[in-house]
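Colleague: I have a structure here, written as structure tokens, and I will follow up with some questions on it.
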Amino acid sequence: MADTGQCSFCGRSREACGKLAYGPGVAICSDCTENCASLHAGGVASEPWLEMTREQVLELLPRISAVAAQVEQRLAAWVGVARDKGASWARVGEALAMTRQSAWERFKQPGNHRTKGHEPPMADTQG
């Protein structure tokens, strides 16, 4: 699976934020991890959009779109892992609240084909 090297929360690249930790379908940088930890410790999570101008928000939209593409790519890889482990298209569809046919049409596309043995990343191995 291709690693886009982008934080799913802030949209910054690996080069901009350093190491990324991976979970199923997402990646998070240390700054966003600290923000989450602060929130869970009873602090206040930052809400940078409150201080942003309209132009700054518009400049951020392509990064948000790229994060959506990253999540879609990782979902396809996880579907590939399920299929490699013998899951039927019916079970994949059920897990994703869609029909077997819809799952097949969405994920059985050229470019989404996976080679057995390639697992999605679960932890940062680079950076």
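Colleague: Students often check this: by mean Cβ neighbours within 10 Å, which of 58-71, 7-20 ranks highest, and how do the rest follow? It would help to have the intermediate numbers written out before the result.
Modeller: Details: 58-71: 13.1, 7-20: 17.8.
Put in order of decreasing packing, that is 7-20, 58-71.
Colleague: Over the stretch 1-67, what is the relative contact order in percent, taking alpha-carbon pairs closer than 8 angstrom and at least six residues apart?
Modeller: Answer for the stretch 1-67 is 29 percent.
Colleague: Ignoring any ligand, DNA or RNA, what whole percent of the accessible area of the stretch 20-102 comes from carbon and sulfur when the probe is 1.4 angstrom?
Modeller: Details: 3270 of 5350 Å².
Its accessible area is 61 percent carbon and sulfur atoms.
Colleague: Over 10 Å intervals from 0, what percent of Cα-Cα pairs in the stretch 26-90 sits in each interval?
Modeller: Result returned by the calculation: 17, 28, 31, 17, 7.
Colleague: Measure out, as a whole number of angstrom, how far apart the alpha-carbon centroids of the stretch 1-59 and the stretch 63-85 sit.
Modeller: Cα centres, the stretch 1-59 to the stretch 63-85: 18 Å.
Colleague: In debye, nearest 20: dipole of the stretch 1-73 around its Cα centre with unit charges on the Cβ of K, R (+) and D, E (-)? Each step should come with its number before you reach the end.
Modeller: Working: 5 positive and 9 negative charges, 26 e Å.
With Lys and Arg at +1 and Asp and Glu at -1, about 120 debye.
Colleague: Still on this model: What number comes out for the charge environment of LEU39, summing +1 per Lys or Arg and -1 per Asp or Glu over other residues with Cβ under 15 Å away?
Modeller: Numbers: positive: none; negative: ASP31, GLU34, GLU47.
So the surrounding residues net to -3.
The values are calculated or read from the model by the stated rules, or taken from the named source; none is laboratory data. For clarity, every value in this text was computed on a predicted model and none was experimentally measured. Cβ sites come from the backbone with ideal geometry, for glycine too, and all protein chains shown count toward neighbours. SASA here: full protein model, heavy atoms, side chains in, ligands and nucleic acids out. Shrake-Rupley method; radii C 1.70, N 1.55, O 1.52, S 1.80 Å.
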